[in-house]
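J.: If you scroll down you'll find the structure; I have some questions about it.
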Amino acid sequence: MRIGIIGAGAMARALGGGWAAAGHEVCFGARRAAAAAEVAAAVGCGARGGSIEEAAGFGDVVLLAVPVEALDGVLRATPGLDGRVLVDCTNAFEPDAASDGTDNFVLGEDAVAERIAATVPGARVVKGFNLCAAEVWAAEAREFEGVPLSVPLCGDDPDALRLVAGLAEDLKLRPFFAGGLHRARYLEAASALAVGLWFGGYDARAMLPPLSGAFAARD
């Protein structure tokens with residue numbers, strides 16, 4: 001599959017590098033084409049670098065891996081995104097001003113994925129890969145305490161969701177569908193909570209029982 005990566009940072013390199021190693025054709029695009037070329041060279045596996053427009057036009061799937069504050073400008077200035085599957089892995093983190101001294105976060109924006117869909121209404125937006133840092137996606141470990149690392153995905157287009165789920169499986173991750181794009185804001189909020197806990201030295205996974213121990217009844 002042809003995958004365009006808009007961005008040349010750690011997340012772009014981790015996910016794009018994994019897909020290139022899995023045999024996909026990958027093109028990185030950045031405002032500085034030289035930066036995209038550097039990432040492509042580091043990734044290898046036939047990856048190429050170029051402009052944002054080149055990466056957007058290249059990919060059947062396009063990963064948005066730029067800072068949230070740059071998204072609007074990139075989306076409005078980039079032609080050819082209509083009809084594309086856009087994967088949003090971003091988080092609108094801001095430091096928590098009311099923090100007790102630990103590195104906690106709040107969201108500077110409640111629903112980034114929904115804004116992307118409103119800005120490019122012809123695109124098929126899927127939220128995913130936003131709960132873990134780039135270092136996790138770049139590492140080889142995909143199972144922890146016998147449990148495969150999973151990736152929740154939110155989106156409104158079933159075909160786009162299946163396609164992105166396949167890309168998650170290519171990274172040896174377990175995808176699952178977490179609802180429509182209107183639920184992506186909950187993934188974004190969950191990331192702010194979980195990452196803040198990890199920075200504070202707490203195990204975010206320990207606050208929930210495994211599926212075998214979970215229960216709930218409808219009121």
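J.: Taking the Cβ of Ala8 as the center, what net charge do the other residues with Cβ under 15 Å away carry, scoring Lys and Arg +1 and Asp and Glu -1?
T.: Details: positive: Arg13, Arg31, Arg32, Arg48; negative: Glu38, Glu53, Glu54.
Result for the local shell: +1.
J.: OK, next. How big is the antiparallel share of DSSP beta bridges in segment 116-219, given as a percent to the nearest 5?
T.: Taking every DSSP beta bridge with both residues in segment 116-219, the antiparallel ones total about 50 percent.
J.: I've got another one for you. Is it possible to state the helix-based mean residue ellipticity at 222 nm for the chain, with each DSSP H run of 4+ residues giving -39500 (n - 2.57), the sum divided by total residues, to the nearest 500 deg cm²/dmol? What is it?
T.: Taken over the chain, the calculation gives -11000 deg cm²/dmol.
J.: Relative to the longest principal axis of the C-alpha atoms of the chain, give the angle of the C-alpha long axis of helix 184-199, reported between 0 and 90° and rounded to the nearest 10°.
T.: Helix 184-199 and the main axis of the chain meet at about 70 degrees.
J.: Sticking with this structure for a sec: Estimate the FRET efficiency between Tyr186 and Ala41 by the formula 1/(1 + (r/R0)^6), using the beta-carbon distance for r and 45 Å for R0, to the nearest 0.05.
T.: Working: r = 38 Å, r/R0 = 0.84.
The calculated FRET efficiency here is 0.75.
J.: Considering only protein heavy atoms, what per residue accessible area in square angstrom results for the chain with a 1.4 angstrom probe?
T.: 51 Å²
J.: Follow-up question, since we're still on this one. Skipping prolines and chain starts, which residues have an amide H placed within reach, meaning under 5 Å, of the one on Leu63, given they are 5 or more residues away or on another chain?
T.: Gly4, Ile5, Ile6, Val87
J.: Also: Simple spin-label model, 7 Å along Cα-to-Cβ: Leu208 to Lys172 in nm?
T.: According to this spin-label approximation, the distance is 2.3 nm.
J.: May I pose another question? Which net charge results when you count Lys and Arg as +1 and Asp and Glu as -1 among the other residues whose beta-carbon is under 15 Å from that of Ala41?
T.: Net charge in that neighbourhood comes out at +2.
J.: If the chain between Asp96 and Phe199 were fully stretched, how many nm would it gain, using 0.36 nm times the residue separation less the Cα-Cα distance? Spell out each step's value before the answer.
T.: On the way: separation 103, 0.36 × 103 = 37.08 nm, distance 1.26 nm.
Here the answer is 35.8 nm.
J.: What is the magnitude of the charge dipole of the chain about its Cα centre, with +1 placed on the Cβ of each Lys and Arg, -1 on the Cβ of each Asp and Glu, and no other charges, expressed in debye to the nearest 20?
T.: With only Lys, Arg, Asp and Glu charged at Cβ, the dipole is about 480 debye.
J.: Right, here's the next one. Would you work out what percent of the accessible area of segment 1-160, with all protein chains in place, is carbon or sulfur (probe 1.4 Å)? Display every interim value, and only then the final one.
T.: Values: 3560 of 7000 Å².
So the carbon and sulfur contribution to the accessible surface is 51 percent.
J.: For the chain, give the share of DSSP beta bridges that are antiparallel, in percent and rounded to the nearest 5; count only bridges with both residues there.
T.: Antiparallel bridges: around 25 percent, rounded to the nearest 5.
The values are calculated or read from the model by the stated rules, or taken from the named source; none is laboratory data. In this text the structure is predicted, and so the values were computed from the model without any measurement. Here Cβ is always computed from backbone atoms with ideal geometry, including for glycine, and neighbour counts include all displayed protein chains. What goes into the accessible areas is simple: the full protein's heavy atoms, side chains included, and nothing from ligands, DNA or RNA. Shrake-Rupley method; radii C 1.70, N 1.55, O 1.52, S 1.80 Å.
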